[in-house]
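Below you'll find the structure, written out as structure tokens, and then a few comments.
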Amino acid sequence: MSIYIDATKNFGDFDLNIKLQSSSRRIGIIGASGSGKSMTLRLLSGLSTPDEGVIKVNDVCFFDSDKSVDLPARKRKTGFLFQNYALFPNMTLEENVLFSLDKKNPSHKAKAASILDMLGLQRLKRHKPSQLSGGQKQRAALARALAIEPDILMLDEPFSALDNHLKKHTMDKFSDYLKNYLGIILFVTHNMEEAYRYCDEIVVVKNGRVDSHGKKEHMFLNPPTKTAAKLSGYRNISPVAKTQSGRARLVNYGFELDFMDVLKPYAILPGRALSLGKKSEPSTFSAFISEIIESPFSVVLYLEFENGLVPVEWNIKRSTWEEFKIKNPMETLYVKLDPDKILFID
Amino acid sequence: MDYTPLIISIKTAAAATAMVSVFGIFASWFMCRYNGKFKSLIDSVFLLPMILPPTVIGYILLIAIGKNSLLGKFLYRFDLSLIFTWPALVLAASVVAFPLMYKTSKAAFEQLDPDILDAARTLGAGEFKIFSKIMIPNAWPGIVAGAVLSFARALGEFGATLMVGGSIPDKTLTVPIAIFFASESGNSKEAGLWVAIIFMISLLVMTIVNSYEGKISKKSRIGKELEADEHLY
């Protein structure tokens, strides 16, 4: 199981240059919209052609500009799931699944039936796509893709057109089916929770290039770059400056910290590094709450530190918030920092 | 009154519609896939009969199928000639109707979701399978509208038809030509009757096209509402 891509494609005002090698079976590609993550899938599946480069999947050469190899999309055996499902509107669900098979062949029909059965779509097989809900459509699209027994399954933001309610249900179902799938899964999303749930490795794409790449635990707990940190959902990212006395100053928040092995340009202040402290304790700074945003299960506090330029967002559980017993929103707090939990990144 | 011109007109328009349907659909399929440097030039050539004066088309056709053309010389060997025959009539009607078919079916193809075609490619389908199994069925309403419009246009063709078909009674005398001669000779009763017939047929055609298009947009709207309302999994 391996994919290898080193390809460039010029779009005039946008330049894609993707280099990626992985032997993981579950790869998540995350990035902002327009970063080139979907185009990476299109290049791999043969729906778009790179200007130059090499693409190999499981040691089969899909594309090599030097050797003039360009395997057409129809021969690459890649199952592709689109955001808007892309089911054939003129065919029933069963006909969609049979599209890549031989309708008259009983063993093919049996195969289609077993796929529909596995995905719980058997009773809907005579429905047209317009009669299905979004979640059913995406499951139908998965069934159709599985019919070609794909070596790679490419999911291009498959849940982003679903509303929250359907999304959770559909994601749960997909989770079950994909567990049994033995090929490679490439999952494009801008939602880090989806990526974490379905993938082992995470690739961060930015401006048409691979920004960082690694095991998901590493990428989320210890993001190597600012982009990776932002996409992982970290909120408090500040440039770091070295002070004359050799301390590290978090420019956005106005406080200085001891220590430093190597000075890195950015620091992330995760919520777990903050706790309520007492005046004159070490690493404790005074702040006032400028804004409180309440949700059913959590509360976000905006903490304004002395000399800070930007408030720190502190997401805490509702129960923790109630323990604080803060009556006046503008009250001054003493916030203790755990310097070991601050992340320094490039 | 002799209704032969009406029969000739309808037969000619039907044959021309069949011709332009085949050529128009393939031409628009080709143009959807072709991205070379002559794209805009070829597109203009395909659309040209729509704005050229019919007499210019008639003249060009006379040269193309006349006795001195390659085709004319070839047919002459078998003692055949196209000029002033029913096939020439069909040819002239086809040329003027072609742009309508081409433009309408191309627009219908271009409105298809490109992801659907890409999905078919990843499922192992070749381009012809995509064309016949996906593009044509899903662009069908547009193709039908194009064919109906082509039929109406072919039915009303006058100038080019007159030049290459002549106006031989019972052979190449169509309704529009009959109107012209009737009105020229002061037979206003006959002219008026033909005008009324053509008027009714054209109105019927436009009604069919409109109601067909209305149905399509209504259908897609219902589809969207279903999607929004349905919270079944």
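Search the structure for amide H atoms under 5 Å from the amide H of residue A:187, placed 1.01 Å from N in the peptide plane, and list their residues when 5 or more places away or on another chain.
A:27, A:28, A:29, A:155
Segment A:68-111: which residues show an accessible-area loss of 50 Å² or more, assembly versus chain alone, 1.4 Å probe?
So the qualifying set is A:74, A:82, A:88, A:90, A:99.
Computed on protein heavy atoms with a 1.4 Å probe, what is the summed buried accessible area for the chain pair A and B, in Å² to the nearest 100? Could the numbers behind the result be given before it?
Working: alone 17580 and 14000 Å², together 29190 Å².
Between A and B, the summed buried area is about 2400 Å².
Under the rule of at least 5 residues apart or a separate chain, name every residue whose amide H is placed under 5 Å from the amide H of residue A:213.
A:204
Give me the accessible area per residue for segment B:4-229, probe 1.4 Å, as a whole number in Å². Each step should come with its number before you reach the end.
Numbers: 12120 Å² over 226 residues.
Dividing the accessible area of segment B:4-229 by its residue count gives 54 Å².
Among the listed pairs A:242/A:279; B:37/B:133; A:137/A:168; A:206/A:226; A:37/A:206; A:104/B:129, which have their C-alpha atoms separated by more than 20 angstrom in this model? Walk me through the numbers before you get to the answer.
Numbers: A:242/A:279 26 Å; B:37/B:133 29 Å; A:137/A:168 15 Å; A:206/A:226 11 Å; A:37/A:206 8 Å; A:104/B:129 17 Å.
Where the Cα-Cα span goes over 20 Å, the pairs concerned are A:242/A:279; B:37/B:133.
In Å, what is the Rg of the alpha-carbon atoms in chain B, and how long is Dmax?
Reported Rg and Dmax, both Å: 21.2, 73.
Output wanted: per-residue J couplings in Hz (rounded whole) for segment A:249-255, from phi through Karplus 6.51 cos²θ - 1.76 cosθ + 1.60, θ = phi - 60°, x for Gly and Pro.
10, 7, 4, 5, 10, x, 10
In whole angstrom, note down how far apart the Cα centers of segment A:25-86 and segment B:1-47 are.
Answer, in whole Å: 38.
With each label point set 7 Å from Cα along the Cα-Cβ vector, what nm distance links residue A:272 and residue B:38?
Spacing of the two 7 Å Cα→Cβ label points: 6.6 nm.
Evaluate E = 1/(1 + (r/R0)^6) for residue A:319 and residue A:243, where r is the Cβ-Cβ distance and R0 equals 41 Å; express this FRET efficiency to the nearest 0.05. Display every interim value, and only then the final one.
Numbers: r = 38 Å, r/R0 = 0.93.
After rounding, the FRET efficiency stands at 0.60.
Probe radius 1.4 Å, ligands and nucleic acids ignored: give me the carbon and sulfur share of the accessible area of segment B:96-162 as a rounded percent.
On the way: 1450 of 2250 Å².
C and S atoms contribute 64 percent here.
Out of the total accessible area of segment A:3-226 (probe 1.4 Å, heavy atoms of protein only), what percent is carbon and sulfur?
Working: 4460 of 9460 Å².
Carbon plus sulfur share of accessible area: 47 percent.
In Å², and per residue, what accessible area does segment A:237-345 have when probed at 1.4 Å with the other protein chains present? Mind dumping the intermediate values first?
Working: 6290 Å² over 109 residues.
That works out to 58 Å² for each residue.
Over segment A:3-226, what lengths in whole Å, largest first, do the semi-axes of the equivalent ellipsoid take, defined as the square roots of 5 times the eigenvalues of the alpha-carbon gyration tensor?
Working from the Cα gyration tensor, I get semi-axes of 30, 21, 15 Å.
Can you give the FRET efficiency to the nearest 0.05 for residue A:69 and residue A:281, using r as the Cβ-Cβ distance and R₀ = 56 Å? Walk me through the numbers before you get to the answer.
Numbers: r = 65 Å, r/R0 = 1.16.
Efficiency, rounded to the nearest 0.05: 0.30.
Run the simple label-point estimate for residue B:7 and residue A:338 please: 7 Å along Cα→C-beta, distance reported in nm.
Rounded to a tenth, the inter-label distance reads 9.8 nm.
In nm, what is the difference between 0.36 nm times the number of residues separating residue A:200 and residue A:222 and their Cα-Cα distance?
On the way: separation 22, 0.36 × 22 = 7.92 nm, distance 1.50 nm.
Extending this stretch completely gives an extra 6.4 nm.
How much mean residue ellipticity at 222 nm does chain B get from its helices, if each DSSP H run of length 4 or more adds -39500 (n - 2.57) and you divide by all residues, to the nearest 500 deg cm²/dmol?
Values: 10 runs with 169 residues, N = 233.
After summing the helix terms and dividing by residue count, I get -24500 deg cm²/dmol.
Of A:220, A:11, A:80, which has the largest mean-square fluctuation in a 10 Å C-alpha GNM of chain A?
Judging by the Gaussian network model, the answer is A:11.
Express as a percent, rounded to the nearest 5, the fraction of DSSP beta bridges in chain A (both residues included) that run antiparallel. If you can, show how the numbers build up before the last one.
Details: 59 of 78 bridges.
Antiparallel bridges make up about 75 percent of those DSSP assigns within chain A.
Using the Karplus curve 6.51 cos²θ - 1.76 cosθ + 1.60 with θ = phi - 60°, what ³J(HN,Hα) values do you get for each residue of segment A:156-170, in whole Hz, with x for Gly and Pro?
Those phi angles translate into 9, 6, x, 10, 6, 8, 9, 6, 3, 4, 5, 4, 4, 4, 5 Hz.
Using a Gaussian network for chain B with springs between C-alpha atoms less than 10 Å apart, which of these wobbles most: B:36, B:166, B:214?
Greatest mean-square fluctuation among the candidates belongs to B:36.
How many percent of the accessible area of segment A:237-345 is carbon or sulfur, using a 1.4 Å probe?
Details: 3160 of 6290 Å².
Here carbon and sulfur together make up 50 percent of the probe-accessible area.
Helix-only estimate, please: 222 nm mean residue ellipticity of chain A, summing -39500 (n - 2.57) across DSSP H runs of length 4 or more and dividing by its residues, to the nearest 500.
Only helices count here, giving -7000 deg cm²/dmol.
Note down the net charge around residue A:17, summing +1 for each Lys or Arg and -1 for each Asp or Glu among other residues with Cβ under 13 Å from its Cβ.
Values: positive: A:9, A:19, A:206, A:209; negative: A:6, A:15, A:51, A:52, A:211.
So the environment of residue A:17 carries a net charge of -1.
Using a Gaussian network model on chain B with a 10 Å cutoff between Cα atoms, which of B:18, B:154, B:93 fluctuates the most?
Top of the fluctuation ranking is B:18.
What FRET efficiency do you get for residue B:69 and residue A:51 if R0 is 41 Å and r is their Cβ-Cβ distance, rounded to the nearest 0.05? Walk me through the numbers on the way to the answer.
Working: r = 47 Å, r/R0 = 1.13.
The computed FRET efficiency comes out at 0.30.
Hey, can you grab everything whose amide H is under 5 Å from the amide H of residue A:51? Only 5+ residues off in sequence or another chain; H modelled, so Pro and N-termini drop out.
For residue A:51, the qualifying residues are A:8, A:9, A:10.
Using the Karplus curve 6.51 cos²θ - 1.76 cosθ + 1.60 with θ = phi - 60°, what ³J(HN,Hα) values do you get for each residue of segment A:85-92, in whole Hz, with x for Gly and Pro?
After applying 6.51 cos²θ - 1.76 cosθ + 1.60, I find 6, 6, 6, 7, x, 8, 10, 6 Hz.
The values are calculated or read from the model by the stated rules, or taken from the named source; none is laboratory data. As the structure is a computational prediction, the values presented were derived from the model and not from experiment. All Cβ positions, glycine included, derive from the backbone under ideal geometry; neighbour counts span all protein chains shown. Accessible surface is based on the protein model in full, side chains and every heavy atom, while ligands, DNA and RNA are left aside. Shrake-Rupley method; radii C 1.70, N 1.55, O 1.52, S 1.80 Å.
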